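Report on the following structure.
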Amino acid sequence: MVASGALSLGLLAFMPLPRGAEPQVYVIEIDKLAFGPAPAGLHVNDIVEWRNSDIFRHTATASDGSFDIDLPPSAKGQTVLRQPGVIDYACRFHPGMKGRLEVVP
Ligand SMILES: [Cu+2]
């Protein structure tokens, strides 16, 4: 048992994860009829998760059709960023609610 434990620790020490190899999860909180600030440093394959802390139902709906997430109160939903570029999104129920994701390779 001692030997296998030492082996596991040794493997971990030799497996650093370079940035970009491991997708990151970024949370955008929704409250008071507004999306929280856009996360900086979004990369392809990262995940954006919206959490609705509001008392209203919202959506996160991309203008390019790449995602359309229904978010009742207390719900959360995710999308995976599949390509670089700028994605504008809004809530289908409240057109004043807008957000923008900037994704780099
Ligand atoms: Cu809304």
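Structure summary
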{"quantity": "Any pair with Cβ under 7 angstrom, 6 or more apart, that starts in the stretch 49-61 at a residue that is under 18 Å from ILE87 (Cβ atoms) and ends at one that is within 11 Å of the ligand (Cβ to nearest atom) and acidic (Asp, Glu)", "calculated": "THR59/ASP70"}
{"quantity": "All positions within the stretch 72-92 that are assigned to a loop (DSSP other than H, G, I, E, B) and not polar (S, T, N, Q)", "calculated": "PRO72, PRO73, ALA75, LEU81, ARG82, PRO84, CYS91, ARG92"}
{"quantity": "Per-region count, the stretch 51-68, residues buried (at least 18 other Cβ atoms within 10 Å of the Cβ) and within 21 Å of ALA40 (Cβ to Cβ)", "calculated": "2"}
{"quantity": "Matching residues in the stretch 72-87 - criterion: being under 17 Å from PRO39 (Cβ atoms) and within 15 Å of the ligand (Cβ to nearest atom)", "calculated": "LYS76, GLY77"}
{"quantity": "Test: residue in the stretch 18-37 that is out of contact with any strand residue (DSSP E or B) (no Cβ under 6 Å at 6 or more places or on another chain), of a type in the set (D, E, K, R) and at pLDDT 95 or above", "calculated": "yes"}
{"quantity": "Residue count, the stretch 18-33 (criterion: assigned to a strand (DSSP E or B) and either farther than 25 Å from VAL104 by Cβ or away from the ligand (no atom under 11 Å from the Cβ) (or both))", "calculated": "6"}
{"quantity": "Scope the stretch 51-71; condition within 11 Å of the ligand (Cβ to nearest atom), acidic (Asp, Glu) and outside any loop (DSSP other than H, G, I, E, B); matching residues", "calculated": "ASP70"}
{"quantity": "When residues of the stretch 34-48 are limited to those that are in contact (Cβ under 8 Å) with a residue 40 or more places away in the chain and within 16 Å of the ligand (Cβ to nearest atom), the one surrounded by the most Cβ atoms within 10 Å (Cβ to Cβ)", "calculated": "PHE35"}
{"quantity": "Flag if PHE93 is in contact with a His (Cβ under 7 Å, 6 or more places away or on another chain), of a type outside the set (A, V, I, L, M) and more than 23 Å from ALA40 (Cβ to Cβ)", "calculated": "yes"}
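The values are calculated or read from the model by the stated rules, or taken from the named source; none is laboratory data. Everything numeric in this text was worked out from a predicted model, so none of it was measured. Positions of Cβ are backbone-derived with ideal geometry, glycine not excepted, and every protein chain shown enters the neighbour counts.
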